[in-house]
Amino acid sequence: MNESNTRVLILGGYGTFGGRLAQLLADEPRLALLIAGRARDKAEAFCAQLRAAARLEPLAFDRDGDVAAALAAARPDVVVDASGPFQAYAGDPYRVVRACVALGIDYLDLADGSGFVAGIAQFDAAARARGVAILSGVSSFPVLTAAVVRRLSQGESPEMARLDSVTGGIAPSPYAGVGLNVIRAIASYAGRPVRLRRDGRDAVGRGLIETRRFTIAPPGCLPLRPTLFSLVDVPDLQALPALWPELKSVWMGAGPVPEILHRALNVLARLVPLKILRSLVRFAPLMHAAINVLRWGEHRGGMFVEVAGAGADGRPLVRSWHMIAEGDDGPLIPSMAAEAIIRRRLEGRRPDAGARAAVRDLELGDYEALFARRKIFCGVRAPPAAGAPLYRRLLGDAYTQLPAPIQALHALTDTLVVEGVATVARGKSLLARVVARIAGFPPAGNDVPVRVEFTLRNGREIWRRTFADRSFTSTQEEGRGRFDRLVCERFGPFAFGLALVHAADRLRVVVRGWSVFGIPLPRALAPFGDAYESVEDGRFRFHVEISLPVIGLIVAYRGWLAALRQARDAALQ
């Protein structure tokens, strides 16, 4: 085979996931991408708008027709089935697989149905005899999940001698664009029994009825908001126990947003076991329209995997992997497993022959290489050591990447006093002056002496800031609930959820929410402004701007601080 002219036939090539796979592979001139679907005109339109170094060939392909003849005419080296819904294939759901085995064509699919992926093993002997690779479930669930579990259980120190449970979830951006076939697949099992492992036994859950909440927060990154996840029927539920037979529990969820629409799906799903509705399949078009039209919020998505087990000494171990994708990069992730396998093939690393779920064919490093090309960030979290300082607990491994003076200021174990000099600016409007006065913010001035006293008391940090003769105090602690993975800073009755973001050797502080007397307030009305800590010429430096919508700037202050005992050197060591 001439690897400089590898022909990849993508079924559903102008659809949601197939189109994204074509987009991912479009820069590879060694490929010919056959964009296939029932409508040739749609395939032609898709090819016309895709800028590609690869050769593009539109193709009409009906999977319900003479599949073997169509494949023989197209002459692909690899077939990728990205059409679906795999849970609803009528008649022989494996007709494309059978034809690929017979013709000696490698096959991948992006199946998300646990039953379909598990059934692919029936072709293993025939695929081995024919020398072809038949890989099913080549997507985030279960390929990425399995790779993450291997890293968390075997690639982290200490290694897990026993793996007890795996919990995971994917939270797509509300702007990701979900295809109708995906919605049909979800609707087909909503409210219906879903086979899984629970408490060491085979058990049954209910799709889109069981829920859990989790905050996706890679160390040092702006976290997603605490997200509601609902149980989904994905290959991981069967594939992970096959890889790790000692597993006692496996649970996988999806966290679509806005949450109000997610809750509506939960309610509809509950009507199925009550026999009020037979199925949600007939509602799939309405669900599809709602999710793709009624959408708002941040254009960000993510995924998490949490494992629990024990080390060689028998002590419990819990670790979690977090990933966040910004903007349009997130929707590409489900197609990246197929991208990685095809790119590996171009480098002479063709998958081994046989038919199987693709849970062993990629490692997390394969994904990380692709993530690095995009705005996709990931990292591992483990429970912090007892007594770890607040910022170390929240930043995780990112804390150790901060400049030493920033680490030193936040390594509070009892009391710390620092002093320095600041420049203060104030908003000039009447309302800005009133708000600043009530809050106790300092007046405008240059070379204003600053003293900050940090006191640790009952797990909370008390920050007393004194600018010349004007002082104001706040408390900081680890957030809970809506402020999960955030610093909760309190000024009197007001509480603010602050994200700690490490970027370009700065520690940025970003307001993610606020409340008064425990009552959540609209984020659109929250204070805003650039706030960060940095180091320059060995000095700890701070920069804080506080503005309010409509009113504008309230106060801005910037300057440097040093430990009191080292103030003369103007350096915080």
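For region 137-144, indicate whether the set of residues that are crowded, with 24+ Cβ neighbours inside 10 Å, part of a loop (DSSP other than H, G, I, E, B), among the polar types (S, T, N, Q) and in contact (Cβ under 8 Å) with a residue 12 or more places away in the chain is non-empty. Yes, some residue in region 137-144 is crowded, with 24+ Cβ neighbours inside 10 Å, part of a loop (DSSP other than H, G, I, E, B), among the polar types (S, T, N, Q) and in contact (Cβ under 8 Å) with a residue 12 or more places away in the chain. Return the total of residues in region 328-348 being surrounded by fewer than 15 Cβ atoms within 10 Å (Cβ to Cβ) and in contact (Cβ under 8 Å) with a residue 40 or more places away in the chain. Number satisfying all stated conditions: 1.
Among the residues making up region 1-24, those that are at pLDDT below 95 and over 19 Å from Gly84 (Cα atoms) are Met1, Asn2, Glu3, Ser4, Asn5. Being part of a loop (DSSP other than H, G, I, E, B) and under 18 Å from the mean Cα position of the chain (by Cα), is that true of even one residue in region 147-164? Within region 147-164 (the criterion being part of a loop (DSSP other than H, G, I, E, B) and under 18 Å from the mean Cα position of the chain (by Cα)), the answer is no, since none of the residues qualifies.
Here is a yes/no grid of residues against (1) more than 30 Å from Val149 (Cβ to Cβ); (2) not hydrophobic (A, V, I, L, M, F, W, C):
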| position | (1), (2) |
| --- | --- |
| Thr400 | no, yes |
| Asp414 | yes, yes |
| Val418 | yes, no |
| Ala422 | yes, no |
| Ala432 | yes, no |
| Asn446 | yes, yes |
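Selection within region 421-450: residues that are within 40 Å of the chain's Cα centre (by Cα) and crowded, with 17+ Cβ neighbours inside 10 Å. The member of this set that is farthest from Pro493 (Cα to Cα) is Ala422. Remark: pairs (first residue in region 425-436, without any contact (Cβ under 8 Å) to a residue 60 or more places away in the chain; second residue among the charged types (D, E, K, R) and crowded, with 18+ Cβ neighbours inside 10 Å; Cβ separation under 9 Å; 6+ apart in sequence or on different chains) = Arg433/Arg426.
The set of residues in region 229-251 that are over 18 Å from Gly330 (Cβ atoms) and either in a strand (DSSP E or B) or in contact with a His (Cβ under 9 Å, 6 or more places away or on another chain) (or both) comprises Ser230, Leu231, Ser249, Val250, Trp251. Checking region 262-280 against the condition returns no match, with no residue being part of a strand (DSSP E or B), modelled with pLDDT of 95 or more and surrounded by fewer than 18 Cβ atoms within 10 Å (Cβ to Cβ). Would you be able to say whether some residue in region 25-39 is modelled with pLDDT of 95 or more, closer than 20 Å to Leu144 by Cβ and buried (at least 20 other Cβ atoms within 10 Å of the Cβ)? So far as region 25-39 goes, yes, one or more of its residues are modelled with pLDDT of 95 or more, closer than 20 Å to Leu144 by Cβ and buried (at least 20 other Cβ atoms within 10 Å of the Cβ).
Residues of region 521-567 being within 15 Å of Ala436 (Cα to Cα), surrounded by 19 or more Cβ atoms within 10 Å (Cβ to Cβ) and not hydrophobic (A, V, I, L, M, F, W, C), which ones? Within region 521-567, Tyr557 is the sole residue that qualifies. Among the residues of region 67-106, the ones that are over 31 Å from the mean Cα position of the chain (by Cα), of a type in the set (Asp, Glu) and modelled with pLDDT of 95 or more come to 1 in all. Taking the listed residues Pro256, Pro174, Pro226, the one that is touching an Asp or Glu at 6+ places or on another chain (Cβ under 7 Å) and crowded, with 19+ Cβ neighbours inside 10 Å is Pro226, with no other qualifying.
The values are calculated or read from the model by the stated rules, or taken from the named source; none is laboratory data. These numbers come from a predicted model, not from an experiment. Virtual Cβ from ideal backbone geometry, glycine too; neighbours counted across all protein chains shown.
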